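The values are calculated or read from the model by the stated rules, or taken from the named source; none is laboratory data. Bear in mind that the values here come from a model prediction, so they are computed numbers and not experimental data. Note: ideal-geometry Cβ built from the backbone for every residue, glycine included; neighbour counts use all protein chains shown. The protein model used for the area step is the full one, side chains on, heavy atoms only, and it has no ligands, DNA or RNA in it. Shrake-Rupley method; radii C 1.70, N 1.55, O 1.52, S 1.80 Å.
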Amino acid sequence: MDKYTLLPEQLLYEGTLTESQFFTAAPLTEEAILRTHTAAYWSKLRDGSLSAKEARAIGFPMRPELIARGRVIAQGTLDCARYAFRDGVALNIAGGTHHAFADWGEGFCVFNDIAIAANELLATGEIERALIIDLDVHQGNGTASIFAHEPRVFTFSMHGARNYPTRKERSDLDIGLPDGTGDEVYLETLSNHLYGLLDGLRPDIVFYLSGVDVLESDKLGRLSLSLRGCMERDRLVLHACHERALPVAISMGGGYSERLAIIIEAHANTYRVASSLYD
């Protein structure tokens with residue numbers, strides 16, 4: 001959890017960002033929550049009435065502060081999308097809660113921030129089509145389920161084939177990578193699919209989940225990307241979107257390396273790449 005404080009401090013210290021480039025989100029409205037999550041699930045979250053089994057699946061002690069935090073994170077991703085329309089790119093220092101389904105949460109995810117943002121923009125008519133590029137090491141199972149019957153949202157997940165979740169959902173495009181996949185194979189696989197998706201779909205916005213749990217140092221990842229390889233992954237995605245003038249809203253996603261400094265460096269690289277392209 002320390003990364004959420006340390007990352008902005010690092011970005012300010014090194015001059016990648018200035019104070020004026022940060023924003024603080026308000027809590028997400030109930031109306032926006034209910035465009036993605038069921039009334040029954042929201043009621044349990046709001047009233048603190050999740051069963052012990054349901055809370056265990058999420059993995060956090062269920063407290064009102066956790067629900068409030070989740071609402072701010074989800075609104076942050078929605079705000080990022082709207083800033084991206086203006087500025088080309090915007091990044092949520094948290095988010096990437098892709099294991100939350102419409103009617104339950106799991107894997108440390110309470111609300112599905114990207115799904116909430118996409119559904120809200122569709123409902124308001126701000127977009128007609130969205131592409132979700134999920135490069136967290138874990139499959140975006142909740143996101144895949146939520147949009148399984150929504151043709152206006154294309155879900156692309158490239159993840160560790162043998163990693164969590166054990167039972168995968170079906171995204172519009174799933175690429176399961178073998179344990180130990182390194183920089184060269186990873187980047188080649190991504191480039192082989194990315195350009196065709198962007199050119200074929202021509203989405204109004206791209207949601208990019210840039211989890212850094214793909215690193216070789218990650219305790220939960222099982223892939224073998226270097227810090228440089230992870231940064232090149234971000235550059236590949238953002239450069240392709242920038243070339244096509246496609247707005248990008250980025251959620252940071254997971255990162256579980258033993259050394260906190262590695263996590264901060266990997267996430268900071270995402271901001272550095274974005275800054276170099278869109279400054």
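Filter the stretch 219-248 for residues that are buried (at least 16 other Cβ atoms within 10 Å of the Cβ), under 18 Å from Asp199 (Cα atoms) and among the aliphatic types (A, V, I, L, M) and give the result.
Once the filter is applied, which keeps residues that are buried (at least 16 other Cβ atoms within 10 Å of the Cβ), under 18 Å from Asp199 (Cα atoms) and among the aliphatic types (A, V, I, L, M), the stretch 219-248 yields Leu236, Val237, Leu238, Ala240, Leu246, Val248.
Output the number of the condition that Tyr195 fails; it satisfies all remaining conditions of (1) out of contact with any Leu (no Cβ under 6 Å at 6 or more places or on another chain); (2) of a type in the set (Phe, Trp, Tyr); (3) buried (at least 17 other Cβ atoms within 10 Å of the Cβ).
If we test Tyr195 against (1) out of contact with any Leu (no Cβ under 6 Å at 6 or more places or on another chain); (2) of a type in the set (Phe, Trp, Tyr); (3) buried (at least 17 other Cβ atoms within 10 Å of the Cβ), just (3) comes out false.
Take the residues in the stretch 47-87 that are of a type in the set (Gly, Ala, Ser) and closer than 17 Å to Met252 by Cα, then tell me which one is surrounded by the fewest Cβ atoms within 10 Å (Cβ to Cβ).
Our first condition is that a residue be of a type in the set (Gly, Ala, Ser); within the stretch 47-87, this holds for 48-49, 51-52, 55, 57, 59, 68, 70, 74, 76, 81, 84.
Keeping just the survivors that are closer than 17 Å to Met252 by Cα gives 70, 74, 76, 81, 84.
Values: Gly70: 26, Ala74: 33, Gly76: 25, Ala81: 26, Ala84: 23.
Result: Ala84.
Quick check on my filter: what residues within the stretch 258-277 are under 18 Å from the mean Cα position of the chain (by Cα), within 21 Å of Tyr186 (Cβ to Cβ) and either buried (at least 19 other Cβ atoms within 10 Å of the Cβ) or β-branched (Val, Ile, Thr) (or both)?
Residues of the stretch 258-277 under 18 Å from the mean Cα position of the chain (by Cα): 263-274.
Then drop every residue that is not within 21 Å of Tyr186 (Cβ to Cβ), which leaves 263, 265-274.
Residues satisfying the conditions are Ile263, Glu265, Ala266, His267, Ala268, Asn269, Thr270, Tyr271, Val273, Ala274.
Test Ala100 against the stated conditions and say whether it is among the aliphatic types (A, V, I, L, M), assigned to a helix (DSSP H, G or I) and buried (at least 24 other Cβ atoms within 10 Å of the Cβ). Give the derivation first.
On the way: among the aliphatic types (A, V, I, L, M): yes; assigned to a helix (DSSP H, G or I): no; buried (at least 24 other Cβ atoms within 10 Å of the Cβ): yes.
In short, no.
Where the second residue is open to solvent by 70 Å² or more (accessible area, probe 1.4 Å) and assigned to a loop (DSSP other than H, G, I, E, B) and the first is in contact (Cβ under 8 Å) with a residue 24 or more places away in the chain and lies in the stretch 31-44, which pairs have Cβ atoms under 8 Å and are six or more apart or on separate chains?
Here the result reads His37/Asp103; Thr38/Asp103; Ala40/Asp103; Tyr41/Asp103; Tyr41/Trp104, each pair linking the stretch 31-44 to a residue that is open to solvent by 70 Å² or more (accessible area, probe 1.4 Å) and assigned to a loop (DSSP other than H, G, I, E, B).
Which condition number in (1) farther than 12 Å from Pro247 by Cβ; (2) in a helix (DSSP H, G or I) is the one that Arg82 fails?
All conditions are met except number (1).
Looking at Gly229, is it farther than 30 Å from Ile127 by Cα, touching a Phe, Trp or Tyr at 6+ places or on another chain (Cβ under 8 Å) and not in a loop (DSSP other than H, G, I, E, B)?
Details: farther than 30 Å from Ile127 by Cα: yes; touching a Phe, Trp or Tyr at 6+ places or on another chain (Cβ under 8 Å): yes; not in a loop (DSSP other than H, G, I, E, B): yes.
Criteria met by Gly229.
For Leu131, which of the numbered conditions (1) open to solvent by 10 Å² or more (accessible area, probe 1.4 Å); (2) in contact with a Leu (Cβ under 7 Å, 6 or more places away or on another chain) fails to hold?
Among (1) open to solvent by 10 Å² or more (accessible area, probe 1.4 Å); (2) in contact with a Leu (Cβ under 7 Å, 6 or more places away or on another chain), the lone unmet condition for Leu131 is (1).
Restricting the search to the stretch 139-189, which residues are open to solvent by 50 Å² or more (accessible area, probe 1.4 Å) and polar (S, T, N, Q)?
Thr166
Which of (1) closer than 16 Å to Gly96 by Cα; (2) not basic (Lys, Arg); (3) not in a helix (DSSP H, G or I) is the odd one out, the single condition Asn163 does not satisfy?
(1)
Can you give me the number of residues within the stretch 74-88 that are over 14 Å from Thr24 (Cα atoms) and of a type in the set (D, E, K, R)?
Residues flagged as over 14 Å from Thr24 (Cα atoms) and of a type in the set (D, E, K, R) within the stretch 74-88 amount to 2.
Can you tell me which residues in the stretch 114-132 are in a loop (DSSP other than H, G, I, E, B) and under 18 Å from Ser157 (Cα atoms)?
Residues of the stretch 114-132 that are in a loop (DSSP other than H, G, I, E, B), as a first pass: 124-129.
Matches in the stretch 114-132: Arg129 only.
Out of the residues in the stretch 1-19 meeting the condition of being under 22 Å from the mean Cα position of the chain (by Cα) and of a type in the set (D, E, K, R), tell me which one is modelled with the highest pLDDT.
Within the stretch 1-19, the subset under 22 Å from the mean Cα position of the chain (by Cα) is 1-11, 16-17.
If we keep only those that are of a type in the set (D, E, K, R) too, we end up with 2-3, 9.
Details: Asp2: 86, Lys3: 91, Glu9: 96.
Restricting to residues being under 22 Å from the mean Cα position of the chain (by Cα) and of a type in the set (D, E, K, R), the top hit is Glu9.
Would you check if there is a residue in the stretch 202-211 being in contact (Cβ under 8 Å) with a residue 12 or more places away in the chain, open to solvent by 60 Å² or more (accessible area, probe 1.4 Å) and either assigned to a helix (DSSP H, G or I) or touching a His at 6+ places or on another chain (Cβ under 9 Å) (or both)?
No; the residues of the stretch 202-211 include none that is in contact (Cβ under 8 Å) with a residue 12 or more places away in the chain, open to solvent by 60 Å² or more (accessible area, probe 1.4 Å) and either assigned to a helix (DSSP H, G or I) or touching a His at 6+ places or on another chain (Cβ under 9 Å) (or both).
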